[in-house]
Amino acid sequence: MEANIIAEIVRRLLSRGILEEDIGIITPYNSQADLIRQAVSTSVEIHTIDKYQGRDKDCILLPFVRSSENPRNYISSLLGDRHRFNVALTRAKKKLIMVGSCITLSNVPLLKLLIEKVEEQGGILSVTKKHIAHKPELRRCSNLR
């Protein structure tokens, strides 16, 4: 589902005049990058966190991949290395769009704090498969310019 959400966000950004070269997608895993490439079908740059080191884009999409798996496994794969987590969060020049399950990610203390801060600013958007193509709030994600 995350790959489809990312693809829809990319379509909305492009329809708002954001250039493909200004959008990047960062994911912790090669397999997720491959799924997203199939769903996005544009030349938007899609790489793992490690390949994005030293690079940046105006708009970065960051799918957190995990939805219900053990959050401890997620900590070891991404948050266990704070440097990788820092790279993932700091590649966006203007807008960072994070996609994941707030419930699952809130089990990780650092992500719980991040989610709380984003929520305080009205930046949390709930999206389901049913609503992905029709959710008007998704258009807000496109307000880069």
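Each reported figure results from applying straightforward, stated rules to the coordinates on display, with no laboratory input. Remember, predicted model here, so these are calculated numbers, not experimental data. Note that each Cβ is placed from the backbone with ideal geometry, even for glycine, and that neighbours are counted across all protein chains shown.
Rounded to 0.05, the FRET efficiency of the residue 121 and residue 41 pair, given R0 = 22 Å and the Cβ-Cβ distance, is 0.10.
A protection proxy built from the mean count of other Cβ atoms within 10 Å ranks the segments 47-60, 111-124, most packed first, as 47-60, 111-124.
For the ranges 95-104, 34-43, what's the packing order if you count other beta-carbon atoms within 10 Å of each residue, average per peptide, and put the highest first? Walk me through the intermediate numbers first.
Numbers: 95-104: 17.6, 34-43: 15.0.
Top of the packing list down: 95-104, 34-43.
Classify the range 2-131 from the C-alpha gyration tensor, please: rounded if a/c falls under 1.5, else prolate or oblate depending on whether a/b exceeds b/c. Walk me through the numbers before you get to the answer.
Values: a/c = 1.44, a/b = 1.27, b/c = 1.13.
Rounded.
Each listed q (0.25, 0.29 Å⁻¹) maps to a log10 I(q)/I(0) for the range 1-63 from the Debye sum over equal C-alpha point scatterers, namely -1.07, -1.39.
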